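A.B. asks: My questions all concern the structure below.
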Amino acid sequence: MNSLDRKLFRDLWHARGQVIAIALVVACGIASFVMARSAYTSLTLTQNTYYNEYQFAEVFLSLKRAPETLKTQIADIPGVAQTQTRIVVDVTLDVPNLPEPATGRLISIPEQQISILNKPFIRKGRYIESGRGNEVLISEAFAEANQLQLGDTIGAIINGKWERLKIVGIALSPEYVYEVRGAGELYPDNKRFGIIWMGRDALGKAYDLDGAFNNVTLSLSPGAKEIEVITQLDRLLERYGGLGAYGREDQVSHQILSDEIKGLEIMATLLPSIFLGIAAFLLNVVLSRLVSTQREQIAVLKAFGYDNFAIGLHYLKFVLIIVTFGSILGILGGLWLGRGLTQLYTQFYKFPLLRYDFSPRVLATAMIVSYAAAAIASFMAVSKAVILPPAQGMRPEPPAKFKPTIIERLGLQRFFSVAGRIILRNLERKPIQAGLSIFGISLAVAILISGNYILDAMNYLMDFQFRQVQREDMTIVFNEPRPSRTRYEVANLPGVIDSEPFRLVPARLRFEHRTYRTALTGIQPQGEFRRLMDRNLHSVYLPSDGVVMTTKLAEILGVKPGDIITVEVFEANRPVRQVRVAGLVDELLGVQAYIDIKALNRLMREGATISGAYLAVDSHMADRLYTQLKQIPAITGISTRKAALNSFKEISAESIKIMNTGLVIFACIMTFSVVYNSARIALSERGRELASLRIMGFTKAEVAFILLGEQAMLI
């Protein structure tokens, strides 16, 4: 070890507190980068592998009924690689040990296990056998939530008939990696909604769809244009009650998973930038101060023959050792956190195997980024050491120029003690250094605030959406539109205190070149169960004509109140209407468009028709109501506000708890590092000055007040 290297390690040991503090900030930046980037890589790799191996479809369409012979025409559409026709229906389930009714989505599969689109992966058990119509596969999330095992049976109302379905397999599907009922639902309710795969022959006979289908999925050839395939598919199946085809990007499960992956990519850029920026600032300050205090040593080294390159490399090594130490800590911590984050995703996303993957490229990128920050931080300080002539280095630094502070120029010095004026003078002498210290501390506080903001935002969201907007106890959905008189039959169900009908119509909203697929929701203007509100919790009036949409939907379409939009309905005779945007509401979940239920009936040119009802229920009679609902064939969808709220709380609480813990740790490390380095540098810069004050009669408390008071003002 040569002389400069021995000096280097002595300098590192002498400044060990500052070295550790800076290394911890570097470690936080690298850890957040490695955590987010490795989780992003793992999730993306798992998604692509799963989609490819189990043939996740690229185009989806539901319809009323079409003959199986149409499959050939669909396959002949240019750009279509593979076609899968199937039967998909929602049914009411009676699940053991679950008082309320659940909803099952029955999806047909061939009796023989062959290669199909959206192929189920069987986690446990076996595939269904031909000729055994009651055998089914159920989704893993639904089985786990209800503690269902192989061989158990569940009751189901299939086309008006009560059936017992025997579970022979527990499976997963690329179509339901994130298992929610449909658009507008943020969190899954696996206890009350599940996917069930049933033999095509048995399901076809039960719904009079033998030789027919009501759902089709497609995969595309390389280079095929999705929009052209969708257009031709819609044109072909329009007269069969097609509800509008859509691509993979609009498929609910894929959309939510992709949004999560994009969020990880943003996190891998934002958090590391903050921490490495603070680390660069601290390195610059510490190295600048080190060079400043070692002016005489630098001069002596040059006098003994050390050239500029050797001296510059010496101080650059000082920075690189700190960054290397911090990077190693950060990489190890990031890999541990990334593995934990990936495991957390298994609670939300169902893959056959979610393998934690970190590529050498991620680790190499982390090191390059950290060294780049170090190079930027050390450039000015190292340059200062290199260009310092020996003769000038042997002379002490010129004394600082003192001048009256702003406080003194304003004549306010009498309001401050001598110690207070000294503090203000020191801060004003080095405004850039003080400003950067304030900026670093403020970023730490901002990180802490953002974590608590998420918690507050979730609490507000739950109150706003589930207590102010959605005020019903239960929502029921019919298997098909029903006459309005059905509402009176619903009102007579046991335990129902009040009910309000609604009408749901799938549609595509169009304004200029922008479109969005959603559902028009027809509600009663004076209804109490589904209220329209703005961000100030004021009720929004629903006019007798025109639509009121959420602000997010208005943003997507680029519309404002008063604009005329085109509504393309995917039901009945598929009318196309021009409708005025009457107003906006600020719902926090989902992208909705509301209209007076009577206006929607007129738009559809139908009689008074409803799709379901919002209910207020006597909790003491809930069990009787649940028993009754399980036996009504016309009802295929049941959800309760309490269950949705509980699911929201459970899933949000776990993720927010983990996030807040990490943010608190990061914020504490950043604050400690900035304040500690600022205090140490202030002490080293003003050691003689503070000693002189002691000789002049200042007490230890007064000297400490000067030193710590400056830090207190920065904080």
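The values are calculated or read from the model by the stated rules, or taken from the named source; none is laboratory data. On a predicted model such as this, the values are computed, not experimentally measured, just so you know. Glycine gets a Cβ as well: all are built from the backbone with ideal geometry, and neighbour counts include every protein chain shown. Each accessible area value is taken on the protein alone, full model and side chains, heavy atoms only, with ligands, DNA and RNA left out. Shrake-Rupley method; radii C 1.70, N 1.55, O 1.52, S 1.80 Å.
A.B. asks: Could you list, in sequence order, all residues of segment 34-80 that are without any contact (Cβ under 8 Å) to a residue 60 or more places away in the chain and open to solvent by less than 50 Å² (accessible area, probe 1.4 Å)?
C.D. replies: Listed by number, the list holds a single entry, ALA75.
A.B. asks: Which one of these is in contact with a strand residue (DSSP E or B) (Cβ under 6 Å, 6 or more places away or on another chain) and on the phi > 0 side of the Ramachandran plot: GLY241, GLY155, GLY169, GLY160?
C.D. replies: GLY241
A.B. asks: Has segment 293-301 got any residue that is over 49 Å from the mean Cα position of the chain (by Cα), surrounded by 20 or more Cβ atoms within 10 Å (Cβ to Cβ) and more than 19 Å from PHE379 (Cα to Cα)?
C.D. replies: yes
A.B. asks: Another question about this same structure. For segment 696-713, which residues satisfy the criterion of being among the β-branched types (Val, Ile, Thr) and more than 13 Å from ILE423 (Cβ to Cβ)?
C.D. replies: Once the filter is applied, which keeps residues that are among the β-branched types (Val, Ile, Thr) and more than 13 Å from ILE423 (Cβ to Cβ), segment 696-713 yields only THR699.
A.B. asks: What pairs come up if the first residue lies in segment 590-606 and is part of a helix (DSSP H, G or I), the second is open to solvent by 20 Å² or more (accessible area, probe 1.4 Å) and hydrophobic (A, V, I, L, M, F, W, C), and their beta carbons are under 9 Å apart, counting only those six or more places apart or on different chains?
C.D. replies: The qualifying pairs are ILE597/ALA608; LYS598/ALA608; ASN601/ALA608; MET604/ALA572.
A.B. asks: Taking the conditions exactly as written (in contact with a strand residue (DSSP E or B) (Cβ under 7 Å, 6 or more places away or on another chain) and under 29 Å from ASN48 (Cα atoms)), does ASN118 satisfy them or not?
C.D. replies: Taking the combined requirement at face value, the residue satisfies it.
A.B. asks: I would also like to ask the following. Kindly check whether there is at least one residue in segment 642-655 that is aliphatic (A, V, I, L, M), open to solvent by less than 20 Å² (accessible area, probe 1.4 Å), farther than 30 Å from ARG503 by Cβ and at pLDDT 80 or above.
C.D. replies: no
A.B. asks: Separate question: With the condition being among the aliphatic types (A, V, I, L, M) and open to solvent by less than 30 Å² (accessible area, probe 1.4 Å), I'd like the strands (runs of 3 or more DSSP E) fully within segment 121-187 carrying at least 1 qualifying residues.
C.D. replies: In segment 121-187, 135-139, 153-158, 161-172 are the strands (runs of 3 or more DSSP E) which contain 1 or more residues that are among the aliphatic types (A, V, I, L, M) and open to solvent by less than 30 Å² (accessible area, probe 1.4 Å).
A.B. asks: If I go through segment 611-621 residue by residue, how many of them are over 18 Å from ARG105 (Cβ atoms) and either part of a loop (DSSP other than H, G, I, E, B) or within 35 Å of the chain's Cα centre (by Cα) (or both)?
C.D. replies: Result for segment 611-621: 7.
A.B. asks: Output the number of residues of segment 672-715 satisfying the condition of being touching a residue at least 24 places away in the same chain (Cβ under 8 Å), under 23 Å from GLN294 (Cβ atoms) and of a type outside the set (D, E, K, R).
C.D. replies: 10
A.B. asks: Let me ask another. If you take the residues of segment 447-492 that are within 15 Å of ALA616 (Cα to Cα) and hydroxyl-bearing (Ser, Thr, Tyr), which of them is most open to solvent (accessible area, probe 1.4 Å)?
C.D. replies: Top of the filtered list is TYR488.
A.B. asks: Within segment 406-430, track down each residue that is open to solvent by less than 60 Å² (accessible area, probe 1.4 Å) and either in a loop (DSSP other than H, G, I, E, B) or among the aliphatic types (A, V, I, L, M) (or both).
C.D. replies: Passing the criteria: ILE407, GLY411, ALA419, ILE422, ILE423, LEU424, LEU427.
A.B. asks: Can you tell me which residues in segment 246-302 are modelled with pLDDT under 80 and outside any helix (DSSP H, G or I)?
C.D. replies: GLN294
A.B. asks: With respect to GLN433, is the statement that it is open to solvent by 30 Å² or more (accessible area, probe 1.4 Å) and either within 30 Å of ASN660 (Cβ to Cβ) or touching a helix residue (DSSP H, G or I) at 6+ places or on another chain (Cβ under 6 Å) (or both) true?
C.D. replies: Here the answer is no, as GLN433 does not meet what is asked.
A.B. asks: To continue, here is another question. Considering only residues that are among the hydrophobic types (A, V, I, L, M, F, W, C), farther than 28 Å from MET659 by Cα and modelled with pLDDT of 85 or more, look in segment 5-33 and name the one that is surrounded by the fewest Cβ atoms within 10 Å (Cβ to Cβ).
C.D. replies: Among residues in segment 5-33 that are among the hydrophobic types (A, V, I, L, M, F, W, C), farther than 28 Å from MET659 by Cα and modelled with pLDDT of 85 or more, the one surrounded by the fewest Cβ atoms within 10 Å (Cβ to Cβ) is TRP13.
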